[in-house]
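The values are calculated or read from the model by the stated rules, or taken from the named source; none is laboratory data. Since the structure is predicted, the reported quantities are computational estimates derived from the model, not experimental observations. Don't worry about glycine lacking a Cβ; one is built from the backbone with ideal geometry, like all the others, and counts go over all protein chains shown.
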Amino acid sequence: MAKTYKLGVVGTGGIFRGAHVPGWVALPDVEIFALADISEAALKACADELRAKHGIEVPAERQYTDYRKMFRDAAAGKLPLDLVDVCTPNCYHMDPVVQAFKAGAHVIVEKPMATSAREAEKMIAAAEEAGKMLMIAQSFRFTPEALLMKDIMDSGAVGRPYFAEAVMLRPRGVPAWGLFIDKKASAGGPVYDLAVHILDLTFHLLGFPQPLAVSAGTFLEISNKPSVMKHDPKRYTVPEDFAVATIRLEGGIVVDLKTSWALNIPGHESQVRVCGDKGGLQLNPVTLVREEFGALMNSTVQVNPYAGIASHSEEIRRFVQAIREGLPSPVPGEQALKTQKVLDAIYKSGETGREVRIR
Ligand SMILES: NC(=O)c1ccc[n+]([C@@H]2O[C@H](COP(=O)([O-])OP(=O)(O)OC[C@H]3O[C@@H](n4cnc5c(N)ncnc54)[C@H](O)[C@@H]3O)[C@@H](O)[C@H]2O)c1
């Protein structure tokens, strides 16, 4: 019989229940085996939902209000755990990831990987020491549009890229629920919540060149005003509601980033564009721009071979496939560390008003 992978979860809140569970239950060789959350209510809600919707029973002795106890049990051989899914708020990513590696599991952790490059480096070191896989759940890479865009980039149709644009702008769209607007828990606002997705996708399309320097502006002009936002403005402690950055990458590539939870613009914008010497490619809708027949032509997609793929389920499927088949991590920590260094530099540049060099 094929091996069954036993999964331990840390953080049984919104993203795990809403987006990860469908991915895990679709895999016949994975068993959702143990749950950990500091909130007894979140544990119970998750266990009840797993039972009602999927017929999965996680007994009380495998429900933990302290994830460290779960990992101690695993390390002591009392709880078999092969895989761990970390879905806690951003500031609680590093410790459970490191503890999971010490307990001998492979780990997938939600984005953003960490709240600083130092934390990300510790997570990578723990994975190396354990000889286990670390994958960052950068789900935007696994949408049908992003998967197709990557194939087109890799075909060489764009040629040598030299400019990219990464835009995710909400005119009004502060996630006031949970801990997104809490600096201690989340570290940042739209830069951590949204830019991390589109930067990861942009860098992925470009082949993850080394980031060299960032010149950024970070602003908090709208979201902390009670006249605009309904939530208690004092709860809004993250440093920005809008950020703009010019990011220099090795190979002479420049990336232009814009991201907001609140900005006075007429509507939402979500776009990734990569421009090269042979062509240009954009995400929404997937369009390839090239000179052909003496004209500048736009090619759009009629049938996307990846249509129907759900990004979170796909990231989980690829995580387990990589473990099963001994493949590299689909989103390695080393790549997310590069993005994390850019996030750190955006805030530093925003604060100082100067270009920040990245090492
Ligand atoms: N990929 C995406 O599109 C996407 C979307 C939403 C959230 N996320 C990420 O997922 C993570 C969780 O977000 P969410 O929306 O599920 O938040 P949430 O608040 O709904 O869930 C987080 C859960 O973690 C638990 N928790 C908090 N501290 C803990 C600790 N120290 N130990 C154990 N459990 C703890 C909370 O009780 C809660 O149940 C964040 O890092 C967020 O950035 C990703």
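Some notes on this structure:
- Filter result for the condition that a residue is buried (at least 20 other Cβ atoms within 10 Å of the Cβ) and in contact with a helix residue (DSSP H, G or I) (Cβ under 8 Å, 6 or more places away or on another chain), over 355, 334, 315: 315
- Check on residue 189, touching an Asp or Glu at 6+ places or on another chain (Cβ under 6 Å) and within 16 Å of the ligand (Cβ to nearest atom): yes
- Strands (runs of 3 or more DSSP E) completely within region 198-313 that count 3 or more residues being more than 23 Å from the chain's Cα centre (by Cα): 287-292, 295-300
- Residue 177, sole failed condition from (1) more than 14 Å from the chain's Cα centre (by Cα); (2) within 16 Å of the ligand (Cβ to nearest atom); (3) modelled with pLDDT of 95 or more: (3)
- Test: residue in region 116-134 that is among the basic types (Lys, Arg), outside any loop (DSSP other than H, G, I, E, B) and under 22 Å from residue 312 (Cα atoms): no
- Residue that is farthest from residue 197 (Cα to Cα) [pool: residues in region 104-139 that are among the acidic types (Asp, Glu) and within 16 Å of the ligand (Cβ to nearest atom)]: 119
- If you go through region 18-28 and keep only what is within 8 Å of the ligand (Cβ to nearest atom) and surrounded by fewer than 19 Cβ atoms within 10 Å (Cβ to Cβ), you end up with just 18.
- Residues in region 64-86 that are more than 11 Å from the ligand (Cβ to nearest atom), crowded, with 19+ Cβ neighbours inside 10 Å and touching a residue at least 12 places away in the same chain (Cβ under 8 Å): 71, 74, 79, 81, 82, 83, 84.
- Residues of region 86-110 classified as in contact with a Phe, Trp or Tyr (Cβ under 7 Å, 6 or more places away or on another chain) and part of a strand (DSSP E or B), total: 2
- Region 259-272 residues that are buried (at least 24 other Cβ atoms within 10 Å of the Cβ), paired with ones that are assigned to a strand (DSSP E or B) (beta carbon under 6 Å, 6 or more apart): 259/168; 259/243; 260/169; 260/242; 262/172; 272/166
- The one condition in (1) in a helix (DSSP H, G or I); (2) out of contact with any Ser or Thr (no Cβ under 8 Å at 6 or more places or on another chain) that residue 175 fails to fulfil: (1)
- Residue 283 being at pLDDT 95 or above, buried (at least 16 other Cβ atoms within 10 Å of the Cβ) and away from the ligand (no atom under 16 Å from the Cβ): no
- Leading residue by the ranking (nearest to the chain's Cα centre (by Cα)) among those in region 64-100 that are among the acidic types (Asp, Glu) and closer than 23 Å to residue 18 by Cα: 85
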